[in-house]
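Data first, discussion second: the structure below is written as structure tokens.
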Amino acid sequence: MKKVILISLFLCLARMGYGQLANLHIGDTVPPTKLTGFYNDSAKELNTDSLRGKMVIFSFWSTYCSSCISAMPKLQSLQQQFKDSLVVVLVTQQPRSIVDAFWKYNHITKKITLPNLVGDIVLAKHFAHLGVPYEVWIDVNGVVKGLTTAQYVNEKNIRAVLRNEKVDWPVSQIKPKLKDGYLFNIAPRQQSLGSASYYTVLSPSITGLKLNHGFSFLTDTIKGVNHFRAINFAILDFYRFAMAEEPIFNSSRNRFVLNVGDSSRYFYQKDKVYREQWIRQNAFCYESTYPIALNKTEFRTSIRAELDRVFKLKSAVVEKEMFCWVITKSGHARDIGKAKNGTVYKSIGELLLALNYRIENPPVLDETNQKNSISIVLKGNTTDFNQLNKDLAGYGFQLEKAWRNIKVLTIDEIK
């Protein structure tokens, strides 16, 4: 009985200690910390003090994060390139059992030899974050240099940190402090009015601010209002939100036809700028309280009208002949069994969602009349027409290029 009590007390103290770990920010020095629980590293443990003199990147990931997995070969290549000047450590809070079941069979991870810290409860306290991938940069003196998305991890930026150059990277994923769910905290100050108060605020982006979901609805029965907020939405994202009651616009990012002078305000172009930087320049935050009697469909309609007014645009739903990709049957549809490599889509509908989410693609239509569910595995990416055609051929489908009359939202600038 005494042993049980002692063990329980030890565990409680351990949890208390972990709970008191400081959340580190840029400019802070990482304290001496022993890291244990590596999945595939022969050292079994690592002390942060032993890393002084080397640059360190802690790359947080999870088995459910496809972008985390696809980035691992690049991380390993950079580790090999910079050798002893750099230490890349993969970090996940998931337990060893989940990682083990995934790691051995994924065609990417089974080739990765980077140290992989699993079941982490220490670094996650030091570097609190809301999603993955999430990259923590530590310079050779043990000082936190950056807290970024995975896009910043490249040769140029690694060399800049090694040379101790000043970097101006937006801090990724600042956790917002929201009182009662209000972003701009206007409504709480109006409680003294004694009646429901309605307002709308549209502001430039708030750097680094990120929630698990980009927008939220809340019914506040005490104040007698509905409350809505959207954080760091681009103009086109707001239009997609406003049109979300219609399924084709809710699931497709390529059903918006822009007649504008500068499309870079609306579309992110990853070959020209970092996404965080683009958001800083082109995204907005929106918050509104409105009458409870106004339903969500009516509210979405009002947002579209407000977007037109504020940004001097004219939007309209029209039927338009558009160049499309069309999925048709080339033979009898068949399930060819579980594939070893590639991304699995459980139905044609799920595949269409992925294809139409890519702005680079033309609208993709399903003309297969496929009623039975069939799983499809794609080996290539979702923007490669030729590879898509090869992948689909194995299931009795084909991808064709054609013109079709489809419903789109046109957005014109008012001059």
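The values are calculated or read from the model by the stated rules, or taken from the named source; none is laboratory data. In this text the structure is predicted, and so the values were computed from the model without any measurement. Glycine also receives a Cβ, built like all others from the backbone with ideal geometry; neighbour counts cover every protein chain displayed.
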If I filter segment 157-175 for residues that are at pLDDT below 90 and surrounded by fewer than 14 Cβ atoms within 10 Å (Cβ to Cβ), do I get at least one hit?
yes
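Sort out which residues of segment 82-99 are in contact with a helix residue (DSSP H, G or I) (Cβ under 7 Å, 6 or more places away or on another chain) and over 15 Å from Phe38 (Cβ atoms), and write them in order of number. Reasoning before the result, please.
Let us first name the residues in segment 82-99 that are in contact with a helix residue (DSSP H, G or I) (Cβ under 7 Å, 6 or more places away or on another chain), namely 82, 85-88, 91-93.
Within segment 82-99, Phe82, Ser85, Leu86 qualify.
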Can you name every residue in segment 40-81 that is in contact with a helix residue (DSSP H, G or I) (Cβ under 7 Å, 6 or more places away or on another chain), part of a loop (DSSP other than H, G, I, E, B) and farther than 16 Å from Arg159 by Cα?
Trp61, Ser62, Thr63
Unmet criterion (only one of (1) part of a loop (DSSP other than H, G, I, E, B); (2) basic (Lys, Arg); (3) at pLDDT 90 or above) for Lys270
(3)
Pairs where the first residue, in segment 310-323, is part of a strand (DSSP E or B) and the second is among the small types (Gly, Ala, Ser), C-beta under 8 Å, 6+ apart
Phe323/Ala402
Could you please tell me which pairs satisfy a Cβ distance under 7 Å, a separation of 6+ or placement on different chains, a first residue in segment 60-86 that is in contact (Cβ under 8 Å) with a residue 40 or more places away in the chain and closer than 17 Å to Lys111 by Cα, and a second residue that is of a type in the set (Phe, Trp, Tyr) and not in a helix (DSSP H, G or I)?
Cys68/Trp61
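Please go through segment 290-309 and pick out each residue that is touching a residue at least 24 places away in the same chain (Cβ under 8 Å) and closer than 16 Å to Ile411 by Cα.
At the first step, the residues of segment 290-309 found to be touching a residue at least 24 places away in the same chain (Cβ under 8 Å) are 290-292, 294, 296-297, 299-301, 303-304, 306-307.
Within segment 290-309, Thr301, Ile303, Arg304, Glu306, Leu307 qualify.
Every residue, every condition in (1) aliphatic (A, V, I, L, M); (2) within 22 Å of Phe184 (Cα to Cα); (3) crowded, with 17+ Cβ neighbours inside 10 Å, yes or no:
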residue	(1), (2), (3)
Met243	yes, no, yes
Ile248	yes, no, no
Tyr266	no, no, yes
Asn282	no, yes, yes
Tyr286	no, yes, yes
Lys296	no, yes, no
Ile303	yes, yes, yes
Glu306	no, yes, no
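Of the residues Arg265, Arg280, which single one is in contact with a helix residue (DSSP H, G or I) (Cβ under 7 Å, 6 or more places away or on another chain) and either closer than 24 Å to Lys415 by Cβ or in the same structural domain as Tyr199 (by TED's automatic domain parsing) (or both)?
Just one listed residue meets the conditions, Arg265.
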Out of Ser288, Ser315, which single residue is of a type outside the set (Phe, Trp, Tyr), more than 30 Å from Tyr134 (Cβ to Cβ) and out of contact with any His (no Cβ under 9 Å at 6 or more places or on another chain)?
Ser315
Inspect all residues belonging to segment 6-18 and state whether any of them is of a type in the set (Val, Ile, Thr), surrounded by fewer than 13 Cβ atoms within 10 Å (Cβ to Cβ) and either modelled with pLDDT under 90 or assigned by TED's automatic domain parsing to the domain that holds His126 (or both).
yes
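Just one of Val344, Val377 is free of Cβ contacts under 8 Å to residues at least 40 places away in the same chain, assigned to a strand (DSSP E or B) and in contact with a Gly (Cβ under 9 Å, 6 or more places away or on another chain); which is it? Spell out the reasoning first.
Numbers: Val344 fails: in contact with a Gly (Cβ under 9 Å, 6 or more places away or on another chain).
That would be Val377, the only listed residue that is free of Cβ contacts under 8 Å to residues at least 40 places away in the same chain, assigned to a strand (DSSP E or B) and in contact with a Gly (Cβ under 9 Å, 6 or more places away or on another chain).
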Out of everything in segment 351-383 that is modelled with pLDDT of 90 or more and touching an Asp or Glu at 6+ places or on another chain (Cβ under 8 Å), what residue ends up being farthest from Tyr268 (Cα to Cα)?
Leu352
Looking for something more than 27 Å from Ala160 (Cβ to Cβ) and at pLDDT 90 or above - is there at least one such residue anywhere in segment 40-63?
yes
